[in-house]
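What follows draws every value from the coordinates through simple rules; no lab data is involved. A quick note: this is a predicted structure, and the numbers were derived from the prediction, not measured. Here Cβ is always computed from backbone atoms with ideal geometry, including for glycine, and neighbour counts include all displayed protein chains.
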Amino acid sequence: MLLKQLKALIEDETNPTANLANASALLNQFLNEINWVGFYMTIDNELVLGPFQGLPACVRIPFGKGVCGTAASTKETQRIADVHQFPGHIACDAASNSEIVVPLIKNNEVIGVLDIDSPINDRFDELDQHYLEKFVDVLLQHI
């Protein structure tokens, strides 16, 4: 249902910022036990804060640093059960305990990442990862 709603929200819009903003709002509305959801976009080989829902966040993250930077540099989803055990974790919000980051890859280039934080340890499972990757696939057709 979430994928259908995303398609309906973004299918006729060509502005990437508008589509990223609506995508973050949609995830914030439908996912429980999260405290931050949003996007970091690639600019000059680093991640720069994009549309999001939640408390103010870190503005720039280098590739390879923290969970977001690791997802960007490896081009692989990072599903972290306890961020405090992740080497080099960047703590933008001390209330976050688990995190999932899905890279946005277009033409084999990382154009950004979807980042979702939760105050609950081990909040995200394989099913969440599967559907969030599908969510990103739909979104990539419209950004």
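Descriptive notes on the structure:
- A crude spin-label estimate for the pair Asn32 and Asp12, with each label 7 Å from Cα along the Cβ direction, gives 3.4 nm.
- Overall, the ratio between the Cα radius of gyration of the chain and 2.2 N^0.38 Å, rounded to two decimals, is 0.95.
- Isolated Cys residues of the chain, judged by Cβ distance under 4.7 Å to other cysteines: Cys68
- Taking other C-beta atoms within 10 angstrom as a stand-in for reagent exposure, Glu76, Glu99, Glu109 fall in the order Glu109, Glu76, Glu99, fewest first.
- Under 5 Å between amide hydrogens, built in the peptide plane, is the criterion, and for Leu104 it picks out Ile111, Gly112, Val113, Leu114 among residues at least 5 positions away or on other chains.
- With the charge dipole of the chain set up from +1 on Lys and Arg Cβ and -1 on Asp and Glu Cβ about the Cα centre, the Cα lying farthest toward the positive end among the listed residues Thr42, Pro56, Ala91 is that of Thr42.
- Listed by Cβ neighbour count within 10 Å, with the fewest neighbours leading, Met1, Met41 appear as Met1, Met41.
- The modelled label-to-label distance between Asp122 and Phe86, using points 7 Å beyond Cα along the C-beta direction, is 1.7 nm.
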